[in-house]
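Below is one structure; the comments refer to it alone.
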Amino acid sequence: MKLSDIQKTFILHWGEKATKFGFNRTLAQIHALLYLSPTPLDAEEIAETLQISRSNVSISIRELLSWGIVRIVPRMGDRKTYYETLDSTWEMFRLIAIERQKRELAPSISLLRDLLISEGDSKDPSERHVAERLESLLQLFEHAS
């Protein structure tokens, strides 16, 4: 697939921005390519277009599939697997938010709860201070999720 200058610029930008939010650059570039593509693409097309390894495409596609923002598109009589991203940017954002909550906030919430249980009702002022801080953080994370 030949990319226009606009497509190249967006794909590179999307990959760079993704790193600021804790995502893999290549994963984001694949997502951007699929988002801009008018038709589903197979892994070989993705690898050739982005000039990345086939194994990197496979790993990234698996991750995007697990997030639910990329889906497999079967084609009658074709053995290749084709991929496309969701059309709705709102749905993509919603799914990403849900996954980030599960992967990032939920483990922190669980840890904070465990720490507060083990902290108990300490009389030590420094331990009370720590417990108050952890409780405040827990409330924030619970509210955000």
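Determine which single condition Lys102 fails, assuming it passes every other condition in (1) at pLDDT 90 or above; (2) open to solvent by 60 Å² or more (accessible area, probe 1.4 Å).
For Lys102, the failing item is (1).
As an exercise: evaluate Ala144 against (1) open to solvent by less than 80 Å² (accessible area, probe 1.4 Å); (2) within 25 Å of Arg25 (Cβ to Cβ) and give the number of the one condition it does not meet.
Condition not satisfied by Ala144: (2).
Within the bounds of segment 19-28, is there any residue that is at positive phi and either open to solvent by less than 70 Å² (accessible area, probe 1.4 Å) or at pLDDT below 95 (or both)? Before you say what the answer is, go through the steps one by one.
Taking segment 19-28 first, the residues at positive phi are 22.
Of the ones still in play, those that are also either open to solvent by less than 70 Å² (accessible area, probe 1.4 Å) or at pLDDT below 95 (or both) are 22.
Yes; the residues of segment 19-28 include at least one that is at positive phi and either open to solvent by less than 70 Å² (accessible area, probe 1.4 Å) or at pLDDT below 95 (or both).
Just checking: which of the helices (runs of 4 or more DSSP H) contained wholly in segment 1-93 hold 3 or more residues that are farther than 29 Å from Glu104 by Cβ?
On the way: elements: 5-20, 25-36, 43-50, 54-67.
Because the criterion is at least 3 residues that are farther than 29 Å from Glu104 by Cβ, the helices (runs of 4 or more DSSP H) in segment 1-93 that meet it are 5-20, 43-50.
Whether any residue in segment 97-117 is out of contact with any helix residue (DSSP H, G or I) (no Cβ under 6 Å at 6 or more places or on another chain), over 30 Å from His143 (Cβ atoms) and polar (S, T, N, Q) is what I want to check. Spell out the reasoning first.
Here is the first cut: in segment 97-117, the residues out of contact with any helix residue (DSSP H, G or I) (no Cβ under 6 Å at 6 or more places or on another chain) are 97-98, 100-104, 106-107, 110-111, 113-114, 117.
Those left that are additionally over 30 Å from His143 (Cβ atoms): none.
No; the residues of segment 97-117 include none that is out of contact with any helix residue (DSSP H, G or I) (no Cβ under 6 Å at 6 or more places or on another chain), over 30 Å from His143 (Cβ atoms) and polar (S, T, N, Q).
Does Lys2 meet the test of being modelled with pLDDT under 95 and either in contact with a strand residue (DSSP E or B) (Cβ under 8 Å, 6 or more places away or on another chain) or not polar (S, T, N, Q) (or both)?
Yes, satisfied.
Can you tell me which residues in segment 105-130 are free of Cβ contacts under 8 Å to residues at least 12 places away in the same chain, in a helix (DSSP H, G or I) and not small (Gly, Ala, Ser)?
Those that are free of Cβ contacts under 8 Å to residues at least 12 places away in the same chain, in a helix (DSSP H, G or I) and not small (Gly, Ala, Ser): Pro107, Leu111, Asp114, Ile117, Pro125, Glu127, Arg128, His129, Val130.
The values are calculated or read from the model by the stated rules, or taken from the named source; none is laboratory data. Here the structure is a predicted model, which is why all the values come from computation and not from measurement. Using ideal geometry, Cβ is built from the backbone for each residue, glycine included, and neighbour counts are taken over all protein chains shown. Note: areas computed on protein heavy atoms with side chains; ligands, DNA, RNA excluded. Shrake-Rupley method; radii C 1.70, N 1.55, O 1.52, S 1.80 Å.
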